[in-house]
Amino acid sequence: MLRACDILFSTFVLLFGFPILLIIFILLLFDTGAPIFMQVRIGQNQNKFVLLKFRTMKVHTISAPTHIVDPSSVTRIGYFLRQSKLDELPQFYNVLIGDMSLVGPRPGLVNHQELINAREKYGVFDVRPGITGLAQVSNIDMSTPYLLAMTDNEMIKTLGLRKYFEYIFLTVIGISR
């Protein structure tokens with residue numbers, strides 16, 4: 001049932017949001033010269049996939065968790081995209097093709113070994129990663145890998161249709177728990 005919701009929502013967003021996607025793409029083309037950011041991430045069963053996002057940082061910024069990267073690397077348009085969560089829109093393609101779900105643990109970086117170890121311990125790799133979830137609405141990021149993995153595990157155990165829509169709703173309106 002959740003996969004059907006993923007397909008329905010991602011198709012809707014990609015089709016009806018296409019004009020917004022195109023405008024952002026063009027703005028970023030002038031801002032950074034490379035509007036789409038692609039990064040290898042770790043997904044379900046530790047399979048690697050290419051995550052798509054709108055570029056919010058300068059082109060030659062290091063590939064590291066956001067909390068490690070110098071905040072001055074974020075462009076003016078990138079700052080707005082991050083605040084509005086519009087930088088995540090290309091990930092709806094990742095959802096549509098099955099690399100991700102709308103709700104699940106955020107996919108980790110391949111070089112973030114501490115997070116990989118914590119997620120192995122808590123069984124987080126058993127599910128598809130997501131755009132949002134309990135950790136995101138609780139303001140828990142990759143700077144605290146074990147807390148993140150424990151929170152992801154808690155979400156996985158309790159995730160059903162009601163929680164799925166709750167996490168999406170809280171993310172869209174920008175309210176944290």
Mean separation of Cα contacts under 8 Å, 6 or more apart, over the residue count of segment 109-177: relative contact order %: 39
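May I ask you to give the solvent-accessible area per residue for the chain, in square angstrom, as obtained with a 1.4 angstrom probe?
That works out to 54 Å² per residue.
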From the cross-link list 85/121; 58/85; 53/163, which pairs have alpha carbons spaced over 20 Å apart? 85/121; 53/163
Roughly speaking, what % of Cα-Cα pairs in the chain are separated by over 22 Å, rounded to a whole number? 43
Förster-model FRET efficiency, 30 Å R0, residue 117 and residue 50, C-beta, rounded to 0.05: 0.85
Could you state the per residue volume, in Å³, of the convex hull enclosing the Cα atoms of segment 85-177? 97
Report the extension gain between residue 23 and residue 126 in nm, rounded to one decimal, defined as 0.36 nm multiplied by the number of residues separating them, less their alpha carbon distance. 33.4 nm
In nm, what is the difference between 0.36 nm times the number of residues separating residue 12 and residue 158 and their Cα-Cα distance? 49.9 nm
Return the carbon/sulfur percentage of the accessible area of segment 128-176, one whole number, probe 1.4 Å, all protein chains in place. 61
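The values are calculated or read from the model by the stated rules, or taken from the named source; none is laboratory data. Quantities reported herein were computed from a predicted structural model and do not represent experimental measurements. All Cβ positions, glycine included, derive from the backbone under ideal geometry; neighbour counts span all protein chains shown. What goes into the accessible areas is simple: the full protein's heavy atoms, side chains included, and nothing from ligands, DNA or RNA. Shrake-Rupley method; radii C 1.70, N 1.55, O 1.52, S 1.80 Å.
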